[in-house]
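The values are calculated or read from the model by the stated rules, or taken from the named source; none is laboratory data. If you're wondering where the values come from, they're calculated on a predicted model, not measured in any experiment. FYI the Cβ positions are ideal-geometry reconstructions off the backbone, even for glycines, and counts take in every protein chain you see. Heavy atoms of the whole protein, side chains included, go into the accessibility calculation; ligands, DNA and RNA do not. Shrake-Rupley method; radii C 1.70, N 1.55, O 1.52, S 1.80 Å.
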Amino acid sequence: MSTLWIEWPVVVGLWYGQAHVMDSEHRYRDEILRPTVVPFIHDHHLMLQHDNARPHAARICTQFLEAENIPVLAWPAYSPNMSPMEHFWDSLDRRIRQRVPVPANIQQLRTGIEEEWTNITTPQATINNLINSMRRRCAALREANGGHSRY
């Protein structure tokens, strides 16, 4: 039985790409990191921020990023979820749950995700709004002393 995870979405800087349904850390490295993320980070002298999801933390991926000299922002294992992309994922998740019928197996889920992803009308604007909300998110987290915030 393989594990299914979704890389939501491929967002590099402020660029919006397609959703990728991943079933191995090898595919994550070869289809996301190598062709898109690494060149963009090198070209723009950036640091990679991602959470501790299994594909991100897989040894093959962490070693690849080290070999490519990609700086990775440390992300605490149990930190409050401040990633704006989680809100984008939540929006997509709600769309999937509203489908009739609700996906009943992996293939239906995969198809539903790909269809709903293309149906999001203004993905880039949504991503930009989420990124622009980071100052408010950080202030709310600081005000809550690192605890629960409205985000």
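Here are a few things to note about the model shown:
- Measuring with a 1.4 angstrom probe and ignoring ligands and nucleic acids, PHE40 comes out at about 60 Å² accessible.
- Solvent exposure ordering (accessible area, 1.4 Å, most first) of TYR28, TYR151: TYR151, TYR28
- Rounded to the nearest 10 Å², the accessible area of SER91 at probe 1.4 Å: 40
- Here region 112-151 exposes an accessible surface that is 49 percent carbon and sulfur, computed with a 1.4 Å probe and the other protein chains kept in place.
- Between the listed residues ALA125, THR111, PRO71, the Cα displaced farthest toward the positive end of the dipole of region 55-151, a dipole computed from Cβ unit charges relative to the Cα centre, is found at ALA125.
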